[in-house]
Amino acid sequence: MVTQDIAVGSIAVGKRARSLNSERVRALRDSIEQLGLLQPIVVSGTGQLVAGYHRLEAARQLGWLTIQAHVLEADDLEAELAEIDENLIRHELTVLEQSEHLLRRDEILTAMGMRAARGDNRYTDRGETVSPLKTSADIANEIGLGERAAQGRIQIARSIVPDVKDKIADTELADRTRDLLALARLEPEQQRKVIEFDGVASGETRVAEAVRQMSTGGATAYNNHAISDTPGYDGDEWYTPPEYIEAARRVMGGIDLDPASCDSAQEVVKAGVFYTKQDDGLAREWHGAVWLNPPYSMPLIKQFVQKAIDEYEAGSVSSAIVLTNNSSDTSWFHALLSRYPACFTRGRVQFWRPSHDDFGTRQGQVFFYLGEDGDKFASVFSQFGVVVTQYKEGDKRDY
């Protein structure tokens, strides 16, 4: 790579990963006029702009005839990769824009046969590149994201259909991680309907809330809980025995929130904050270490499970332990099992209620762990059953 002055009019811009921001150009123009160009632009050997679109436009507005540039001998994919990395690190992007950039970056590295895998580092020998190859963790750290959050961004870009992205690009929704993740998990036709729901695009209505209201005709999800003919009996009230609660505390270091609970259950759980049916935990903000024994009736269990996944992957929830029935024939169960470690209990959990003896369900239970310390979860919960994780191609196993 060499650095030299290049005629401004000779630089070809081409299609860019992001459009010009007039306010940013104006700020750069003022800065460059006072201090000069502190960071050269980057062009390919053929004069194609690689990085520095806003700096180039500022120079044009100042009437510069030439501009200092780093000249790369790079092919088209390498040049695009350099531009994407510059945009991610140097510019303020919406969550949706970040998502698109991260997905495209992933696609380019895959196409080049250079995708940095977990365990690789920037010095891994992969041949000549524009610059040392950055891992996903490198990029995530440089833009202030955890690697898990970066993977969530890629899911957003991959799963939201193009016409929906176009409609929400300039709305408040484009910068709301939790809502974008929720939107990404809907079928395309559902996505199109949800973004038209009153208040979703403006950020006044959560995507999950819109989905619930659309599916229940505006009723609160808790209106659907199962009730038996016995006075005072609620089929969704299954309180967890203390030994499992204490195990959850050991794994997560405490319980900050129980979003599906009641006063009686809290005699054992003792969460920092808890939500009752009347509070509607699905409509509330979640945070910290979460214990979740959700209502087992449909659609509540599916909605609570999806909320737990969304909040964890958005970074609002630092860790969570979710207790469910062993319902391997359902999509919500596999949404957990395909992502997170699980403990399949030996036998059935003996749940309790204040006015009843201990009682068990008709099937076994599973504890799912959403968190960073899978080894600790396995060590603590193996006393209750077998702990499993999803097998991934390339994993080494001894048989």
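At-a-glance table
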quantity	calculated
Per-region count, region 361-374, residues surrounded by fewer than 17 Cβ atoms within 10 Å (Cβ to Cβ) and under 10 Å from Val251 (Cβ atoms)	2
Close pairs from region 373-388: first among the hydroxyl-bearing types (Ser, Thr, Tyr), partner at pLDDT 95 or above and surrounded by 13 or more Cβ atoms within 10 Å (Cβ to Cβ), Cβ under 7 Å, at least 6 apart	none
Output for region 241-298, where each listed residue is aromatic (Phe, Trp, Tyr) and in contact (Cβ under 8 Å) with a residue 40 or more places away in the chain	Tyr244, Trp291, Tyr296
Residue tally, condition of a type outside the set (Gly, Ala, Ser) and surrounded by fewer than 18 Cβ atoms within 10 Å (Cβ to Cβ), over region 274-299	9
Answer residue from region 294-330, given it is assigned to a strand (DSSP E or B) and touching a Ser or Thr at 6+ places or on another chain (Cβ under 8 Å) and is modelled with the lowest pLDDT among those	Asn325
Selection count, region 216-265, where residues are surrounded by 15 or more Cβ atoms within 10 Å (Cβ to Cβ), at pLDDT 90 or above and assigned to a helix (DSSP H, G or I)	7
Count of region 168-201 residues which are farther than 15 Å from Ser99 by Cβ and either buried (at least 22 other Cβ atoms within 10 Å of the Cβ) or touching a Leu at 6+ places or on another chain (Cβ under 8 Å) (or both)	4
Wholly enclosed strands (runs of 3 or more DSSP E) of region 20-106 bearing at least 1 residues acidic (Asp, Glu)	none
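The values are calculated or read from the model by the stated rules, or taken from the named source; none is laboratory data. Please read these numbers as outputs of a predicted model, since none were measured by experiment. Virtual Cβ from ideal backbone geometry, glycine too; neighbours counted across all protein chains shown.
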